[in-house]
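Below: one structure, written as structure tokens.
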Amino acid sequence: MSHVDGEIASQPACWHRALQMRPAGLPQAGERVAVIGCGTSLYIAQAYAALRESADLGETDAFAASEFPTVRRYDRVLALTRSGTTTEVLTALRSCGHTPTVAVTGDPDTPVRDAADTVVDLGFADEQSVVQTRFATTALVLLRASLGPVPADLPEQAERALLGPLPQEALTARQFTFLGTGWTVGLAHEAALKLREASGSWAESYPAMEYRHGPISVTGPDSAVWFFGEPPAGLLDQVRATGAYTVLSPHDPLAELIRAQRLAVELARARQLDPDRPRGLTRSVVLVDS
């Protein structure tokens, strides 16, 4: 069994633990907040930013750490970094001056400890696989809970997402599109990234209604189109008219992400790839001067 198999399977327990945490340093109601990350952490940042704004708790922007606009003024900067060593995240945190900063990390005994004012330790959700799964979802559970109530059965929904069969049509598709709205756009981006990383699949992601403005043209009978949350009115019929297989779920969208993680691993195995060690990737991107 690969590392990522065990990490995917451990998510319900990690979510239970995150729901019991009340860490200091997270954004407070009314603050103007920037959330930064790289790769998976960027997409989790996007989901959290949309959730926070929709809860009317304050303006919240999400940025790739390398694109963080240091000239903008924020009340707090929140960084998501599994490794605590990613060059772009550390650089952005060090550029914040007197703005309070907080980092959610899987390894607090790293340079992020000195780069951020406050560190939230999610070491219990850290991972050995290059491909992120449980750290990202556990961080979002923690952040969702900081905004208000989450579904009481969220960890149980994660259990069901682990146990149910994956759709055979998705396992045999050649092209994948993930669609979301609001906070689930970030989840759609993350699902597509998982398939690209682990299995080298042709996977795309879009805000659901933007998909109709061009990308639908690549969809056909060998495609799978996966919705995170309720499809916008009329879009499902248009997707089905292409002949694509469509995936909808009653799960909470974050629990549904677990099924996409599982799909990525199954596709990797079918292609005789190691999902723990994707081609060209490392667990942390540490840049050196060139």
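The values are calculated or read from the model by the stated rules, or taken from the named source; none is laboratory data. Given the structure is predicted, the values throughout are model-derived calculations rather than measurements. Heads up, the Cβs are rebuilt from the backbone with ideal geometry, glycines too, and the neighbour counts pull from every protein chain shown. Protein only, heavy atoms only, side chains kept; ligands, DNA and RNA dropped before computing areas. Shrake-Rupley method; radii C 1.70, N 1.55, O 1.52, S 1.80 Å.
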Practice task
Inspect all residues belonging to segment 40-57 and state whether any of them is part of a loop (DSSP other than H, G, I, E, B), in contact with a helix residue (DSSP H, G or I) (Cβ under 8 Å, 6 or more places away or on another chain) and not aliphatic (A, V, I, L, M).
Solution key: no
Practice task
State which residue pairs qualify: first residue within 28 Å of MET209 (Cα to Cα) and inside segment 151-179, second residue open to solvent by 60 Å² or more (accessible area, probe 1.4 Å) and assigned to a strand (DSSP E or B) in any location, beta carbons under 7 Å apart, and separation of 6 or more residues or different chains.
Solution key: GLU169/TYR245; ALA170/TYR245; ALA173/TYR245; ARG174/TRP202; GLN175/TRP202; PHE176/TRP202
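This table checks each residue for (1) in a loop (DSSP other than H, G, I, E, B); (2) touching a Ser or Thr at 6+ places or on another chain (Cβ under 7 Å); (3) closer than 25 Å to ALA55 by Cβ.
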{"residue": "LEU140", "(1), (2), (3)": "no, no, yes"}
{"residue": "GLU159", "(1), (2), (3)": "no, no, no"}
{"residue": "LEU162", "(1), (2), (3)": "no, no, no"}
{"residue": "GLY182", "(1), (2), (3)": "yes, yes, yes"}
{"residue": "HIS189", "(1), (2), (3)": "no, yes, yes"}
Fill in the blank from the handout: Restricted to segment 233-244 and to residues being open to solvent by less than 70 Å² (accessible area, probe 1.4 Å) and within 13 Å of GLU169 (Cβ to Cβ), the residue farthest from the chain's Cα centre (by Cα) is GLY243
Handout entry: Sole exception among (1) in contact with a strand residue (DSSP E or B) (Cβ under 7 Å, 6 or more places away or on another chain); (2) modelled with pLDDT under 95; (3) buried (at least 17 other Cβ atoms within 10 Å of the Cβ) for GLU169, by number
Key = (3)
Practice task
Exactly one condition in (1) more than 18 Å from ALA191 (Cβ to Cβ); (2) open to solvent by 10 Å² or more (accessible area, probe 1.4 Å) is not met by ALA34; state its number.
Solution key: (2)
Practice task
Evaluate segment 45-57: report whether one residue or more is open to solvent by less than 40 Å² (accessible area, probe 1.4 Å), at positive phi and either out of contact with any Lys or Arg (no Cβ under 9 Å at 6 or more places or on another chain) or in contact (Cβ under 8 Å) with a residue 24 or more places away in the chain (or both).
Solution key: no
Completion exercise
Apart from one, (1) under 25 Å from ASP61 (Cα atoms); (2) among the hydroxyl-bearing types (Ser, Thr, Tyr); (3) not in a helix (DSSP H, G or I) all hold for THR242; the odd one out is (1)
